[in-house]
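This report refers to the structure that appears directly beneath it.
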Amino acid sequence: MRRGRRPIDNAWLGVFRIAFGFTMFFQMVVVHPPRRIYLDYIYPELHFKYFGLWWIEALPGGLMYLMVWGLGVLSLLVAAGLWYRLSTALLTIGYIWFFLIDQAQFQNHYYLLCLLCLLMNIMPAGRVWSVDARRRDGTASTTAPAWTLWLLRFQIGIVFFYGGVAKLNGDWLSGSSMAHQLGLRMDTPLIGHLFDRPEIILCFTYSGLLLDLLIVPMLLWRRTRWLAFAGGIVFCVINSNLFEIGVFPWFMITATSIYFRPDWPRVLARRLGVDLDVTESAPAPEPAPLSRRHRVAIAVLALYAVLQILVPLRHHLYPGNVAWNRMGARFSWHMRLHNWIPVYPQFYVTFPDTGAMARFQLSDLRINLDQETRMATRPDMIQQLCRYISDRFAEEGVEGVQVRARIGVALNGRPPQLLVDPSVDLAATPRTLMPLPWVSELVDNTRTAEAGRQGEGEGKSSY
């Protein structure tokens with residue numbers, strides 16, 4: 001316990017705060033320009049809710065623009081270390097709310113940014129290379145408790161480790177998943193023509209697996225640190241060019257630097273002849289005896305760590321293939337694993353008075369293409385849409401309308417299969433975290449890597 005409270009150089013934390021702040025700014029202002037804010041948050045009449053969070057809504061009208069731009073400003077304040085505690089707290093509340101508005105917008109790196117927002121609230125990151133440190137006497141410091149470094153190392157390590165564990169499945173190891181993903185990117189300049197070669201597919205497949213599983217141990221071991229860092233850079237650059245994941249790969253390059261020695265920015269600056277410490281800093285205090293407040297904080301952090309370890313494993317509690325039924329897939333670091341192609345999603349309504357059945361056209365709803373595509377491959381979102389359609393009829397005076405879905409999905413190049421039972425009235429099924437009996441079983445007619453490249457259409461992956 002005392003070892004975790006010993007002071008270490010905080011230069012790494014200053015670099016991490018600046019990188020995190022600019023990443024959040026890019027995420028809010030560049031990734032979400034006005035047109036995307038409108039299409040994703042203002043235009044849709046339906047936002048797909050996370051379980052138990054029905055009360056979280058998009059802000060009305062133009063307030064969504066102000067929210068996004070306001071979060072962008074807060075991100076810059078965090079990067080600058082100005083009013084750090086307040087700026088970080090407001091950024092955390094606002095961004096987590098923004099993240100939870102619509103699960104159709106879920107991305108693994110958006111979730112990681114939520115977690116880092118939470119953790120940055122307890123980091124003394126405003127004490128180094130910040131406006132606060134220059135403005136306030138006694139605020140500047142050159143040290144931070146060792147636990148701050150190990151907590152962030154743990155969080156980043158969880159992402160890599162579970163990203164690798166998730167790849168230990170038949171579709172990935174056979175190369176069929178990667179074959180299908182690369183097959184959709186044959187038009188990539190210079191190297192795209194190589195993406196149908198088996199040796200290239202297997203190289204991408206197993207290099208990604210090994211990097212996820214080994215990069216953290218190799219970064220922690222001094223002898224392999226630079227090799228791992230170089231491999232991480234190559235991996236992130238390739239991901240940035242092949243997949244639409246924004247600034248995330250570049251942030252992860254900076255994030256992996258937390259596995260270097262804590263004072264690496266000062267060492268680098270001295271070699272370049274730059275003095276980074278322009279303010280006088282207070283001497284590092286000796287760790288005080290553990291108070292009750294400290295013990296509570298330790299217990300909370302321990303609980304957080306346990307949740308980070310257990311939540312990605314929860315899909316093992318559900319029967320069936322998680323790549324198909326998606327039960328427990330979110331928040332589990334299943335990144336760039338699979339491709340799902342929805343085939344002719346159809347919804348049918350049955351009127352209780354007459355028993356007449358009619359096809360419901362999704363074009364009658366104001367939902368965007370991203371929502372429609374993601375919904376068609378996720379059973380819980382299909383259920384939400386069916387319940388919404390029935391509720392909309394009820395608002396128009398027609399109670400008890402039954403809604404059924406007939407949706408084929410092609411997983412990793414397999415022939416399309418029905419995702420949900422078309423005979424079940426999904427509008428009448430309860431929302432639950434328990435297994436969903438109306439999700440069809442996947443017929444495991446696994447296709448080879450060669451067959452996987454022959455899939456048609458544009459697959460959707462969740463990073």
Structure-based [θ]222 nm, the chain - -39500 (n - 2.57) summed over DSSP H runs of at least 4, per residue, nearest 500: -14500 deg cm²/dmol
Estimated vicinal HN-Hα couplings, Hz - the range 254-264 in sequence order (Karplus 6.51, -1.76, 1.60; Gly, Pro = x): 5, 4, 5, 5, 5, 8, 6, 4, x, 9, 4
Amide hydrogen neighbours beyond the local backbone of V420, cut-off 5 Å, H modeled: I407, S440
Pairwise FRET efficiency - T373 versus S207, Cβ, R0 = 25 Å, nearest 0.05: 0.30
Compactness of the chain, expressed as Rg and Dmax over alpha-carbon positions, Å: 24.4, 83
Segment L317-R406, extension gain: residue separation times 0.36 nm, minus the distance between their alpha carbons: 29.4 nm
Dipole magnitude of the chain, debye to nearest 20 (Cβ charges: Lys/Arg +1, Asp/Glu -1, about Cα centre): 2020 debye
Stretchable slack from I42 to R270, in nm (0.36 nm times residue separation minus alpha-carbon distance): 77.1 nm
Gap separating the Cα centres of the range 101-137 and the range 38-70, nearest whole Å: 22 Å
Cα pair distances of the range 8-145 binned at 5 Å [whole percent]: 2, 10, 19, 21, 17, 12, 8, 6, 4, 1, 0
Other-chain or far-sequence residues with amide H under 5 Å of N321's (modelled H): L442
Fully extended contour minus Cα-Cα distance, from H193 to R135, at 0.36 nm per residue: 15.3 nm
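Values in this text are rule-based calculations from the coordinates and carry no lab data. As the structure is a prediction and not an experimental result, all values here were calculated from the model. Neighbour counts run over all protein chains shown; Cβ positions are idealised from the backbone, glycine included.
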